[in-house]
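The values are calculated or read from the model by the stated rules, or taken from the named source; none is laboratory data. The shown structure was predicted, so the numbers you read here are calculated from the model rather than taken from an experiment. Methodologically, a virtual Cβ is constructed for each residue, glycine included, from the backbone with ideal geometry; neighbour enumeration extends over all protein chains shown.
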Amino acid sequence: MMSKKPVIVFEGIEGSGKSLHCENVARYLKKKRINYIKLREPGGNKNSELIRKLILNKKSNFNKNTDLLLYLAARSESIQFLKKNYRKKIILIDRFIDSTIAYQHYGFGINLSIIKKINQFLLKNFKPDFTFLHTVSSKNMENRLKKRKNINRYDKFNKSFYNKVQNGFIKLSKNNKKYKIINSNIGIQINKTYILEKVDSLI
């Protein structure tokens with residue numbers, strides 16, 4: 001039985017619309033005067049946001065292990081806040097543990113058990129209840145990234161990297177009832193309606 005104060009995560013590669021839909025859900029909850037908190041990863045509090053700036057800075061060129069540890073360090077800084085609100089408020093998270101697995105393991109090839117171990121160490125019994133995975137075609141992703149005013153370091157990888165990451169996400173969602181794949185190549189409005197209906201059923 002799912003708590004009526006679920007943890008809902010929005011996952012997907014760059015340009016997949018996850019942040020947009022996360023924001024839509026937040027607006028919807030606000031309108032209904034339902035208590036929620038929303039944060040993005042990396043980020044969520046002052047220290048995590050500082051680490052985010054470091055990771056995503058266009059001039060940064062950390063190796064893949066440093067990247068992983070910085071992402072996990074940012075999570076370590078925001079997890080107390082999440083735990084404090086766990087089961088007290090609805091929690092919306094723009095990217096979470098599956099992003100770390102999709103990018104750092106499937107994308108960069110870092111050992112999966114290391115990622116899982118550190119996540120477990122940080123999260124203990126905190127876990128998402130439902131994940132919306134937004135998928136997008138390479139062409140649409142490129143078009144959307146072109147329109148961005150601020151391009152960060154993770155917006156500039158090559159096509160095959162994003163394919164690996166997206167396929168990694170899809171693998172994570174296989175046979176998982178707590179996952180719903182949202183095809184971001186179709187109209188935003190259709191997806192928005194579906195997502196809000198699903199959120200209604202979760203809360």
Revision key, fill the gap. Checked against (1) over 15 Å from residue 18 (Cα atoms); (2) outside any loop (DSSP other than H, G, I, E, B); (3) of a type outside the set (D, E, K, R), residue 169 satisfies every condition except (1)
Practice item. Only residues that are among the hydroxyl-bearing types (Ser, Thr, Tyr) and crowded, with 18+ Cβ neighbours inside 10 Å: list them for segment 84-130, please. Key: 99, 100, 103, 106
Point to revise | Residues (among the charged types (D, E, K, R), farther than 21 Å from residue 160 by Cβ and not in a loop (DSSP other than H, G, I, E, B)) located in segment 70-102 | key: 75, 77, 83, 84, 94
Review point. Somewhere in segment 44-65, is a residue of a type outside the set (D, E, K, R), assigned to a loop (DSSP other than H, G, I, E, B), modelled with pLDDT of 95 or more and in contact with an Asp or Glu (Cβ under 9 Å, 6 or more places away or on another chain)?
Key: no
Exercise for review: Please work out if residue 47 is over 20 Å from residue 87 (Cβ atoms) and either within 19 Å of the chain's Cα centre (by Cα) or not acidic (Asp, Glu) (or both).
Suggested key: yes
Point to revise | In segment 103-137, the residues that are part of a loop (DSSP other than H, G, I, E, B), closer than 11 Å to residue 68 by Cβ and of a type in the set (Val, Ile, Thr) | key: 110
Practice item. Pull up segment 138-166, narrow it to residues that are among the polar types (S, T, N, Q) and surrounded by 13 or more Cβ atoms within 10 Å (Cβ to Cβ), then point me to the one that is farthest from residue 60 (Cα to Cα). Key: 140
